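The values are calculated or read from the model by the stated rules, or taken from the named source; none is laboratory data. A quick note: this is a predicted structure, and the numbers were derived from the prediction, not measured. In this analysis, Cβ positions are derived from the backbone assuming ideal geometry, glycine residues included, and neighbour counts consider all displayed protein chains. The protein model used for the area step is the full one, side chains on, heavy atoms only, and it has no ligands, DNA or RNA in it. Shrake-Rupley method; radii C 1.70, N 1.55, O 1.52, S 1.80 Å.
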Amino acid sequence: MNAPDTGAHAMVAHAVVDAEGQLVSAEPAIAALNLRAGGREGAPLAVPGLATVARLARRLGIVVSRGVTVADADADLRLWVRAQPEGDTVRLAVSGWQERSPVRLPLDQTAEADFTAAGAEWRWETDAALRLTFVSIEAGARNGFHALTMLGQPLTRLFVLGDGGDAGLPILDALARRKAFTAQPATLRGSGKAVMLSASVRQDARGAFAGFIGAVRTPPAPAEPPPLTESFTAGLDRALRRPLGRIITHADSIATQGDGPVEPAYADYAADIASAGRHLLGLVDDLVDMQAIERPDFAPPAEPIDLADVARRAVGLLRVRASDSGVAIAAPPLDESAPAIGDFRRALQILVNLVSNAVRYAPRGSTVTVAVRRAGGMAEAIVADGGKGIAPTDHARIFDKFARVDASEPGGNGLGLYISRRLARAMRGDLTVESAPGDGARFTLTLPADAARDEDHE
């Protein structure tokens, strides 16, 4: 837009914006400015600076006056905007109308900005106070926010900044040094989507820091950790098993006051140490197991077993723990059998894990049920609890390595179900789950049935 004629800097133009931010009416100067920005009457006010002041006045319910800079054609306009709420509308009075040359990045800054933006999914910019001055319109549509409503807001209104590890918060160091930054982890507010931010520095005509020109990328998926080697897990087992065993033994002795009375708080502390020691020892066992089952040549013995007997033994191992938790366990009757083909030790390991999980999540006063049955050519052991259940969207994930539905809950290390399913499938069976929130969980271990022993029983 060309600068107004002499005296135009004192001109005051008016406009009215409704509660939805739409332009109801505007005098020619504002209407022309809005039209060049892609707007029209009856549509949202398209001039970001004016829209931001109007929205602020409407939200606060008070008169707001401030200066704004509006990019227009070949020049920037410096305007003074007064926004006054009037019922469901806001009346704008715009004065000043001073033209100034737009901020131009030097060639080296332009190259740096282009490099920063290379491969970016969308863009953002801020002023020196880290208030957003630009957000890609299409980014809002893709990620569930309105880009225009973000203008004038702090950068942290759009992003939750994350810790960059040893680098801390790269953006804070960049702000202090007035330098570009890369690899700032963040999440989009509202959606929780993980993103990675980078930015180059904008300078004003005097060379002073004027904000950031930023880019947003989706961070690469974390690399799959290298497989554990047999020598590593064997060394870990040798290095940790004996000292952990001593820690657990001594802590249990203190907790049970076997060597004499101690302060209750000290006994509780010792019990926590023993519990943590058992957790670490279980992790060592799981890592050793994981290394074994992930070998291409892993094949457990295939021998006749009675799945009902295995289930009863698993229940027997966990009755005391269940009783301490106020949970009962119903095992298969003594006269019931379920002939199957598999490895007795591995089948017992799977069922102990399933029953232990069921006891952990079952409410006090409830019963965990362990049953067996024949289904076609397979023998099944079913472990059911009355806990809070598992959402269908998590049914596949709980069998992933190191996966836990709720990491804030006390419990295992996220390997038990992963190892159990791998073992079941190595024995030509499977491990599945049926569950829904509020309905408990029902895990089924399936192994090939022993048809010959079935005939003997008949």
Qualifying positions in the stretch 141-154 - touching a strand residue (DSSP E or B) at 6+ places or on another chain (Cβ under 9 Å) and assigned to a helix (DSSP H, G or I): Arg142, Asn143, Ala147, Leu148, Met150
Leu423 vs. criteria assigned to a helix (DSSP H, G or I), closer than 21 Å to Arg345 by Cα, over 29 Å from the mean Cα position of the chain (by Cα) and at pLDDT 85 or above: yes
Residue tally, condition open to solvent by 20 Å² or more (accessible area, probe 1.4 Å) and in a helix (DSSP H, G or I), over the stretch 319-340: 5
Search result, residues across the stretch 1-21 that are modelled with pLDDT under 90 and within 46 Å of the chain's Cα centre (by Cα): Ala19, Glu20, Gly21
When residues of the stretch 360-393 are limited to those that are among the charged types (D, E, K, R) and more than 23 Å from Ile341 (Cα to Cα), the one most open to solvent (accessible area, probe 1.4 Å): Arg364
Residue within the stretch 125-139 that is over 26 Å from the mean Cα position of the chain (by Cα), over 28 Å from Leu56 (Cβ atoms) and surrounded by fewer than 14 Cβ atoms within 10 Å (Cβ to Cβ) present: no
Options Val315, Val383: the member that is in contact with a helix residue (DSSP H, G or I) (Cβ under 8 Å, 6 or more places away or on another chain), of a type in the set (A, V, I, L, M, F, W, C) and under 21 Å from Phe399 (Cα atoms): Val383
Matching residues, the stretch 341-367, being in contact with a Leu (Cβ under 9 Å, 6 or more places away or on another chain) and assigned to a loop (DSSP other than H, G, I, E, B): Asp343
Test: residue in the stretch 30-46 that is assigned to a strand (DSSP E or B), within 27 Å of Pro154 (Cβ to Cβ) and open to solvent by 10 Å² or more (accessible area, probe 1.4 Å): yes
The stretch 368-386, residues that are of a type in the set (Gly, Ala, Ser) and not in a loop (DSSP other than H, G, I, E, B): Ala371, Ala375, Ala379, Ala381, Ala384
